[in-house]
1. Could you check the simple spin-label distance between residue A:184 and residue A:154, using points 7 Å along Cα→Cβ, in nm with one decimal?
2. If you stretched the chain out fully between residue A:248 and residue A:88, how much longer would it get, using 0.36 nm times the residue separation minus the C-alpha to C-alpha distance?
3. Over the Cα atoms, compute the radius of gyration (one decimal) and Dmax (the largest Cα-Cα distance, rounded to a whole number) for the stretch A:146-237, in Å.
4. How much of the calculated P(r) for the stretch A:251-298 lies past 15 Å, in percent of all Cα pairs?
5. As a test of understanding, state the convex hull volume per residue of the stretch A:212-303 from its alpha carbons, in Å³.
6. Rounded if a/c is under 1.5, else prolate if a/b is larger than b/c, else oblate: which is the stretch A:144-303, with a ≥ b ≥ c the root eigenvalues of its Cα gyration tensor?
7. Kirkwood Rh over Cα pairs of the stretch A:106-177 into Stokes-Einstein at 20 °C, 1.002 mPa s: D in µm²/s?
8. Would you kindly state how much longer the chain becomes between residue A:288 and residue A:202 on full extension, computed as 0.36 nm times their sequence separation minus their alpha carbon distance, in nm to one decimal?
DNA sequence: ACACGTAGAGAACTGGT
DNA sequence: ACCAGCACTCTACGTGT
């Protein structure tokens with residue numbers, strides 16, 4: 001496709017620009033310079049495999065673990081109208097009523113399908129309150145699905161298993177949410193969730209990395225509205241603390257909180273221990289202990 | 001208001017039975 | 001499944017600047 005006039009080639013100033021959608025590039029026809037790469041193809045995804053173009057049909061959205069049927073739904077609309085909007089005659093209407101009913105049953109009748117409907121709704125609700133994005137939700141949904149397939153949910157509360165799937169996903173993707181954060185968003189106890197978490201983790205053999213203090217810095221600093229300089233300094237403090245083995249056995253959140261406190265003092269963007277404690281879910285005492293320890297071992301001089 | 005320090009309680013993990 | 005021991009954190013104070 002030739003796009004004339006609007007864009008000028010930065011190399012030779014020619015206005016003959018070619019846009020190749022299949023390659024996703026815009027390039028100059030005169031000097032060959034590629035001006036834009038990785039363009040998104042805006043066209044609809046029509047597909048036709050066997051009728052040679054006579055029967056083009058739109059493909060659906062990609063499948064997703066977020067719906068119990070992975071998004072491959074057939075929906076019979078509730079309105080009793082045909083494609084042109086006219087009402088259906090009485091006999092047909094009855095027939096469609098029956099079809100809808102059966103389809104509903106077919107969709108959700110098998111035990112674990114119904115389980116998934118409930119579970120994915122809950123998964124979405126918690127994700128909403130905790131601000132998990134789509135990738136995170138899909139990962140958690142996949143973990144939950146696998147648990148259902150392994151029969152792990154039987155006899156356990158769906159809510160606890162959903163919460164555990166979310167927590168496991170959170171660990172896997174290092175999203176820096178604590179077990180407390182997740183428990184707060186559910187109706188079940190900490191004990192139930194951590195038990196479910198253990199079971200899923202061992203049964204599915206999911207590997208998670210140990211929580212590093214560094215992974216909390218970003219979220220804590222942004223919640224505390226601290227400048228990027230403090231964030232960077234906090235990472236430096238943690239790196240030094242690690243070298244001196246001051247992080248072993250200590251709660252990573254406590255270490256992160258202390259590092260932010262120290263970094264704030266160094267960078268003159270002070271937050272009180274109370275403020276940091278509120279955001280990081282550790283107490284002032286823990287922040288004090290960690291920060292005293294770090295400061296004395298690293299010989300950091302705060303004003 | 002904030003920082004500091006402390007004692008006892010408590011939660012979470014490990015290893016033993 | 002329960003228990004003891006442990007290293008760490010929390011609650012709840014009083015004190016200091």
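1. Simple spin-label model gives 3.7 nm for this pair.
2. Values: separation 160, 0.36 × 160 = 57.60 nm, distance 7.14 nm.
So the extension gain works out to 50.5 nm.
3. Cα radius of gyration and Dmax of the stretch A:146-237 are 15.8, 50 Å respectively.
4. Details: 366 of 1128 pairs.
Every Cα pair in the stretch A:251-298 considered, those over 15 Å come to 32 percent.
5. In the stretch A:212-303, the Cα hull volume divided by residue count equals 77 Å³.
6. Numbers: a/c = 2.76, a/b = 2.31, b/c = 1.20.
It comes out prolate by the Cα gyration axes.
7. Translational diffusion coefficient: 175 µm²/s.
8. Working: separation 86, 0.36 × 86 = 30.96 nm, distance 3.60 nm.
Answer, rounded to one decimal: 27.4 nm.
Every read-out reported here was derived from the displayed coordinates using simple, explicitly stated rules and does not represent laboratory data. Please read all numbers here as calculations on a predicted model, not as lab measurements. So basically every Cβ, Gly included, is an ideal-geometry build from the backbone, and we count neighbours across all protein chains shown.
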